[in-house]
Amino acid sequence: MVFGNLRSKLTPDRAAPAAAVDDAVPVTPQYPMVEQTIELLPIPAAVVIVDNGRISFAAMNSAFEAVNQGRSADRSPIARLLSARICAFLESAESRDSFEWEIGESVDCRYYRVHLARASGPGTYRCLLTLVDHTSVLRTEKNLRREMMTDSLTGLPNRAGFSELLEEVIGDDPAQQARYAVLIINLNRFSRINACMGSMAGDELLMTVARRLKGALRGRDVLARTGGDEFGILMSLDEGRGDADHVAKRIQGALATPFRLSAFEIRVSCSIGIAFGSDVIDDSEDLIRHAQFAVKRSKASGGVEAYQTQAFDIVREQFGMETALRRAIDGNQLRLTFQPLCDLTTGRVVSFEALARWLDDDGNEVSPTDFIPVAEESGLIVPLGRWAMSEAAATLAAWDVRAGGDCGTRFAVNLSAIQLQRDNIPLMVERALVASGLPGERFTLELTESALIADPDRVTQIMHALKGLGTTLAMDDFGTGYSNLAHLQKLPIDVLKMDRSFVTGMLADRDKISIVRAILSLAQALGMKTTAEGIESHELAQTLAALGCTYGQGFHYARPLEADAAFHFLMERNA
């Protein structure tokens, strides 16, 4: 080994003190064979020795000399910057060591992988030092990473860059997190502007918005574009949470001035959500999610909203319910119960309203007021509605078999506004009728006023198609919506169902009696029958019958019953 031949001349048999670079002296290569050998290496290489507290270079190749700025150790940046690491290596028991090293400033900075190696163990104070230049690779990686973390349109950090910046600035330290807040700004109706004026105009608007937002912020606040029409802000709270409110108001003021795009003057409003680091969070990424959740509440309220744990917990619970409900629908774990509708004059059962019921995995009854809104928001109301119609038709057909013919009643099935928008209702009803072998006259389909308001023309077509199947149409919860009476007159509606809020407590409230009379008069003028919901006493049933109401439904007659119990109730009541 070359190092072995040098040992007696270059390395004293004693512990070497730490290197003192200031006292280092230039060493003239004395070993041509070593010099010639390392000159063959394509990378910078040198033999480094430590003797009497001095770092010297026993030999080096020309590539190393270029990095080292000459052969002199006293002017050597390598000796000055790496001496401590070299000495630590030589004093250790390791035979090899590698680490990253960079030298220079900004643009001129170069990146090396430094390798130290020696042939002998502890007590040997010489080693081979080689440098592998990674500058071009690292610069390329940094440029690519910069592009990945930057929004190409505005030059701001993008969603990934903003998230990384949060990690760098506030990390996982709760005390540090409490000093910061994240604001999410979402432009209202931007998609409409983009669709009407084109994507280029939309891009121009986004760049202008970014400039205005930047101007509304403090110098130390960080602005990012976290989505198509969404911007994020990381700000420090110097004087408490009020700082975030002040910044939000400045942002609203900055966007209040109209934007000039082509020949149009565009006014842009925004929704702003705020999340504070002082809230309980698992990591900094939670701040962005919390602020985005607050934006949704801001869109609904029209004002600046701060994240609230309770509201988020409710949404999380609803999400869990959605997942469980999807499993229940796929696994056929729901059932129908049936509440009777009776003729107020005779007391006979004329119909049953089919109501969906759900037992969760723990065997607990989930209220329809909880899972029906979740089903509508998630779109699960479509498969749920199909199942309810099919199950109701099959149940009514089974009742006819048990009765030895027509059992003498009909079923009412509810249709939601979401079903009317997303499903082919006439086809769905027709398939259920064909599968059960029942005529459409045996079914009443109940729609709410909100369904009519959403898309009146389409709903009108659907209602005429359902009438063509022979079904009866009822408007549920009448009086709680905003129906256009002129439009109502043109719809093929057979029954108006008065909402229980008008019926409950009616006998003790003269105003409610007046409202009920008005609804009954309207229905009579339009040639419609009426059903009163929420009847809980015989006296109330008699009063409604006297006022001219046709049918009644409520606990006075029966609560929602299981299929077998409902069939027996029908047979006994109508016997």
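Take Met571 and Arg75, extend 7 Å from each Cα along the Cα→Cβ direction, and tell me the distance between the two endpoints in nm.
Placing both labels 7 Å beyond Cα along the Cβ direction yields 11.3 nm.
Once you sort the root eigenvalues of the Cα gyration tensor of the stretch 215-356 as a ≥ b ≥ c, which label holds: rounded (a/c under 1.5), prolate (a/b larger than b/c) or oblate (the other case)?
In terms of gyration-tensor shape, prolate.
Can you pull a Stokes-Einstein diffusion coefficient for the stretch 319-467 at 20 °C (1.002 mPa s), Rh from Kirkwood over Cα pairs, as a whole number of µm²/s?
So the translational diffusion coefficient is about 131 µm²/s.
For the Cα atoms of the chain, what angle does the longest principal axis make with the long axis of helix 368-378, in degrees from 0 to 90, nearest 10?
Roughly 60 degrees between the two axes.
Cα axis of helix 159-169 to longest principal axis of the chain: angle in degrees, 0 to 90, nearest 10?
Orientation of helix 159-169: about 60 degrees from the principal axis.
Applying a 10 Å radius around every beta-carbon, put 396-404, 205-213, 291-299 in order of their mean neighbour count, most first.
Going from most to least packed, we get 291-299, 205-213, 396-404.
For Cα pairs less than 8 Å apart in space and 6+ apart in sequence, what is the mean separation divided by the residue count of the chain, i.e. the relative contact order in percent?
That works out to 8 percent.
Would you mind counting up the charge near Ser62? Only other residues with Cβ under 13 Å from its Cβ, with Lys and Arg at +1 and Asp and Glu at -1.
So the surrounding residues net to -2.
Mind checking the angle between helix 285-301 and the chain's longest principal axis? C-alpha axes, 0 to 90 degrees, to the nearest 10.
30
From the phi of every residue in the stretch 321-334, what ³J(HN,Hα) in whole Hz does the Karplus formula 6.51 cos²θ - 1.76 cosθ + 1.60 yield, where θ is phi - 60° and glycine or proline is x?
5, 4, 4, 5, 5, 4, 5, 5, 5, 5, x, 6, 9, 8
Can you grab the distance from the C-alpha centre of the stretch 295-309 to the C-alpha centre of the stretch 186-245, Å, no decimals?
Comparing the Cα centres of the stretch 295-309 and the stretch 186-245, I get a distance of 17 Å.
Could you report the accessible area of Ile288 in Å², rounded to 10, computed with a 1.4 Å probe on the protein chains as they sit in the structure?
0
Going highest first, how would you order 381-388, 64-71, 78-85 by mean Cβ packing within 10 Å?
Order by mean packing, descending: 381-388, 78-85, 64-71.
At 1.4 Å probe radius, can you tell me the per residue accessible area of the chain in Å²?
Averaged over the residues of the chain, the accessible area is 49 Å².
Could you please state, rounded to a whole Å, how far the C-alpha centre of the stretch 351-418 is from the C-alpha centre of the stretch 54-89?
Each part reduced to its Cα centre gives a spacing of 84 Å.
Using only alpha carbon pairs under 8 Å that are at least six residues apart, calculate the relative contact order of the stretch 142-244 and give it in whole percent.
This gives 35 percent for the stretch 142-244.
Give me the dipole magnitude in Debye, nearest 20, for the stretch 156-244 about the Cα centre, with unit charges on the beta carbon: positive for Lys and Arg, negative for Asp and Glu.
So the dipole magnitude of the stretch 156-244 works out to roughly 460 debye.
For the stretch 428-575, what class follows from the C-alpha gyration tensor (a ≥ b ≥ c being the square roots of its eigenvalues): rounded when a/c is under 1.5, otherwise prolate if a/b is larger than b/c, else oblate?
In terms of gyration-tensor shape, oblate.
How about Lys467: which lysines have a C-alpha closer than 29 Å to its C-alpha, ignoring those fewer than 8 places off in the same chain?
Of all the lysines, those that pass the test against Lys467 - Cα under 29 Å, at least 8 places apart if same chain - are Lys490, Lys497, Lys529.
Which whole-Hz couplings ³J(HN,Hα) result when phi for each residue of the stretch 345-358 is put into the Karplus expression 6.51 cos²θ - 1.76 cosθ + 1.60, θ = phi - 60°, listed in order with x for Gly and Pro?
Working through the residues one at a time gives 7, 9, x, 6, 6, 10, 6, 10, 8, 7, 10, 6, 10, 9 Hz.
If you place +1 on the Cβ of every Lys and Arg, -1 on the Cβ of every Asp and Glu, and leave all else neutral, what size is the dipole of the stretch 448-575 about its Cα centre, to the nearest 20 Debye?
360
Identify, among Ser284, Leu131, Ile184, the residue whose Cα sits farthest towards the positive end of the charge dipole of the chain, taking +1 on the Cβ of Lys and Arg and -1 on the Cβ of Asp and Glu, with the dipole about the Cα centre.
Leu131
In percent, how large is the relative contact order of the stretch 475-564, given Cα pairs closer than 8 Å and 6 or more residues apart?
Relative contact order here is 26 percent.
From the list (1) 62, 32, 18; (2) 82, 29, 21; (3) 53, 32, 20, can you say which value of semi-axes √(5λ) of the Cα gyration tensor in Å was derived from the structure given?
(2)
Which percent of the accessible heavy-atom area of the chain goes to carbon and sulfur, probe 1.4 angstrom?
In the chain, the share of accessible area belonging to carbon and sulfur is 51 percent.
Quick one: divide the alpha-carbon radius of gyration of the stretch 135-263 by 2.2 N^0.38 Å and tell me what you get.
Taking N as the residue count of the stretch 135-263, the ratio is 1.18.
Can you give the charge dipole size of the chain about its Cα centre, rounded to the nearest 20 debye, using +1 on the beta carbon of Lys and Arg and -1 on the beta carbon of Asp and Glu?
1240
The values are calculated or read from the model by the stated rules, or taken from the named source; none is laboratory data. No experiment lies behind these values; they were computed from the predicted model shown. We place every Cβ from the backbone using ideal geometry, glycine too, and count neighbours over all the protein chains shown. Just so you know, the surface numbers come from the protein's heavy atoms only, side chains and all, with ligands and any DNA or RNA stripped out. Shrake-Rupley method; radii C 1.70, N 1.55, O 1.52, S 1.80 Å.
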